[in-house]
1. Only one of Leu30, Leu54 is in a helix (DSSP H, G or I) and closer than 17 Å to Glu120 by Cα. Can you tell me which?
2. If I filter the range 57-110 down to residues being of a type in the set (A, V, I, L, M) and out of contact with any strand residue (DSSP E or B) (no Cβ under 7 Å at 6 or more places or on another chain), which single residue comes out as farthest from Glu126 (Cα to Cα)?
3. Taking only the range 126-154 into account, find how many residues are part of a helix (DSSP H, G or I) and either farther than 14 Å from Ser37 by Cβ or open to solvent by 30 Å² or more (accessible area, probe 1.4 Å) (or both).
4. Identify all residues within the range 45-61 that are under 16 Å from the mean Cα position of the chain (by Cα) and free of Cβ contacts under 8 Å to residues at least 40 places away in the same chain; write none if there are none.
5. Give the residue, chosen from Val118, Val92, Val71, that is β-branched (Val, Ile, Thr) and open to solvent by less than 30 Å² (accessible area, probe 1.4 Å).
6. Can you find a residue in the range 4-25 that is among the polar types (S, T, N, Q) and either under 18 Å from Thr94 (Cα atoms) or open to solvent by less than 50 Å² (accessible area, probe 1.4 Å) (or both)?
7. If you go through the range 57-68, how many residues are in a helix (DSSP H, G or I) and open to solvent by less than 10 Å² (accessible area, probe 1.4 Å)?
8. Please verify whether the range 119-127 includes one or more residues that are of a type in the set (Lys, Arg), modelled with pLDDT of 95 or more and more than 19 Å from Asp48 (Cα to Cα).
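The values are calculated or read from the model by the stated rules, or taken from the named source; none is laboratory data. In this text the structure is predicted, and so the values were computed from the model without any measurement. In this analysis, Cβ positions are derived from the backbone assuming ideal geometry, glycine residues included, and neighbour counts consider all displayed protein chains. Each accessible area value is taken on the protein alone, full model and side chains, heavy atoms only, with ligands, DNA and RNA left out. Shrake-Rupley method; radii C 1.70, N 1.55, O 1.52, S 1.80 Å.
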Amino acid sequence: MTTTSTQVNPVLRTPPATPAAAAAYFSASLAFHADVSDVAAALAAGGDPGFVVLDSRSTAAWDQGHVPGAVHLPTALVPEQADRLLDRSVPVVTYCWGPGCNGATRAALALAERGFQVKEMLGGFEYWVREGFAYETWEGPARRTPDPLTAPAEGGDCGC
């Protein structure tokens with residue numbers, strides 16, 4: 001069935017980008033973002049993953065739960081403490097609460113402006129927990145059952 005210009009649906013009202021433009025955009029996106037499950041897999045593989053994870057939330061949020069092995073550096077403190085806590089030769093993966101928070105984006109910007117290589121972990125701490133990965137709290141280690149809307153219930157690879 002063909003559509004006329006008066007019958008174009010909202011999805012196609014603005015035509016898709018050319019394949020070349022789409023490839024450039026999505027390639028760039030991967031240079032700026034890391035997936036929660038990819039970060040978890042790299043950390044679980046053992047040894048040096050080649051990057052450091054940075055939690056850019058407040059101390060209260062950090063105490064509530066954080067990615068094991070992450071460095072705690074609230075976004076507002078990046079300008080004064082990044083050089084003391086991080087090595088410029090090691091890429092940094094920032095995270096904050098979740099998709100509704102841009103603290104990790106602001107932390108990534110502040111780090112990039114200071115010469116650090118940086119990516120943002122999509123989904124933040126919310127999706128780390130929702131996908132069933134272990135995390136640490138002020139009381140010790142914790143883990144929740146994976147949310148079947150974000151990860152396979154069996155905890156296996158999603159196949160993406």
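1. Numbers: Leu54 fails: in a helix (DSSP H, G or I).
Going through Leu30, Leu54 in turn, the sole match is Leu30.
2. By that ranking, first place goes to Ala82.
3. Number satisfying all stated conditions: 3.
4. Once the filter is applied, which keeps residues that are under 16 Å from the mean Cα position of the chain (by Cα) and free of Cβ contacts under 8 Å to residues at least 40 places away in the same chain, the range 45-61 yields only Pro49.
5. Val92
6. no
7. The total comes to 1.
8. No: the range 119-127 contains no residue that is of a type in the set (Lys, Arg), modelled with pLDDT of 95 or more and more than 19 Å from Asp48 (Cα to Cα).
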